[in-house]
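The values are calculated or read from the model by the stated rules, or taken from the named source; none is laboratory data. Please read all numbers here as calculations on a predicted model, not as lab measurements. Backbone-built Cβ (ideal geometry, glycine too); neighbour counts: all protein chains shown.
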Amino acid sequence: MALETIDDLPLESATTSDSHPSLSGLNFRLLLTTVCVDRLAYYGLRSVIILYAIEQLKFTRETAITHYGYLTLIVYASQLLGGFLGDFLIGAKNAILVGLGMCVFGALIITIEGTLPFYAALIIIAIGSGFIKTNTFSFISYFSSHDKVLLEKRFISMYAMINIGAFLSALLIGLIGEWYGYIYSFITVMLLYALGFALIFIISDRSNTALTIRNAISKAPKSITKSLLVVILVIVSSGVFWILFEKYSTEVYMVRIDFFLDNGYDFLRMNVWYVSPLLLLVLTIPYYFIAHRIPLYLKMAIALILIGVCWGAAVLLFKSELIAFGFTAMILFVFLEGIADIFLTPSVLTLMAIHTSKKYYGIIYGVYSIVLYGATRIINYGESTWFEVIFDIFLVALLVASIILYFVFPSAFKGQKSTNISLEE
């Protein structure tokens, strides 16, 4: 797979004005709205699917949770297929339309009560969601990767809209199901996906500068070594980050719930799931304006350091009961994990976009998604003490190595002969 980099293209050579629209403001706002609507529908469906399976289909709790896990697995696995579809067959925009169309159809099927429609709907929606996620990344990357600042800002905006959708999902879809019945939740999900389909359909993916950008990139000398190393480092370090995040969350979860119960914070216990997306949304607003002032590699290193601190504190302090878990500690660590997430996710997407050939955006994102899924599940397979100790040592070694590499990379490639060209050239 050939890789090329446009990491060092002059930012002033590409603008967001009407004369050089990489993806016009209106089109990008339509895309952002679609992202929010898609996540609102998807997370809203997830918020009611287990209860529906238990109460309406009479599944046991264990069976319902197992099928919920299958839904997540198919979503992640289908992102690689969606990347192939968008990269090589029909293009990112059409792949998003296919995904949204599948989700509309799946949400329609699930309104038919029965085990078979339930299974069919879950599979169709999961595959469609995978297509949407991968090709949204590809769509933004393709039209914005000539300008690092613009690209990162757009990924931060996408990140914010995902959290808005996640925050509103349970409030809207969950409450509709509770007040009026699950059938109305599914109809709402179907209408939301249909709205997303309409928004993407009217987006223009043609640009006066699209061909200019493509030609400029194809003429630029390729820096395969740097690009390959950066993509591998980003994917591996992201896996380390999310493994630590899951381990930290597992360690703190029961301590946090016990704290709520012991101190009578019933409201917080019932609404703790809203805290994370709301906090991330609040933190994203100032981050949007200062992100370009912090180097991408430094932001990756900071994210890894912060999640390492959170995990270390959870293991050494709270689990060992060396320090009591109080309200201040809870706020502090929710804040730290929020900053780590904000620093990591848009930076990962930006680095992958500027160090990957335009021909393989979807494939690379699909690989990245599979690594993330594996990272969030691998901690379930370390029951024996000796395995867990060895795994933790290996994890810490990868964490430290990744942090060092993020500090070393800028200076290591600083002396390379410039391969810059401008769009005008």
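Considering only the stretch 25-114, give the helices (runs of 4 or more DSSP H) lying wholly within it that have at least 2 residues that are assigned by TED's automatic domain parsing to the domain that holds I125, in contact (Cβ under 8 Å) with a residue 60 or more places away in the chain and within 18 Å of I183 (Cβ to Cβ).
25-55, 92-109
If I ask for residues that are modelled with pLDDT under 85 and either outside the structural domain of R39 (by TED's automatic domain parsing) or part of a helix (DSSP H, G or I) (or both), which ones from the stretch 181-194 would you list?
Once the filter is applied, which keeps residues that are modelled with pLDDT under 85 and either outside the structural domain of R39 (by TED's automatic domain parsing) or part of a helix (DSSP H, G or I) (or both), the stretch 181-194 yields only Y182.
Does V309 count as surrounded by fewer than 18 Cβ atoms within 10 Å (Cβ to Cβ), under 25 Å from L399 (Cβ atoms) and modelled with pLDDT under 90?
Yes.
Evaluate the stretch 370-378: report whether one residue or more is over 26 Å from A170 (Cβ atoms), modelled with pLDDT of 80 or more and either surrounded by fewer than 23 Cβ atoms within 10 Å (Cβ to Cβ) or over 17 Å from the mean Cα position of the chain (by Cα) (or both).
So far as the stretch 370-378 goes, yes, one or more of its residues are over 26 Å from A170 (Cβ atoms), modelled with pLDDT of 80 or more and either surrounded by fewer than 23 Cβ atoms within 10 Å (Cβ to Cβ) or over 17 Å from the mean Cα position of the chain (by Cα) (or both).
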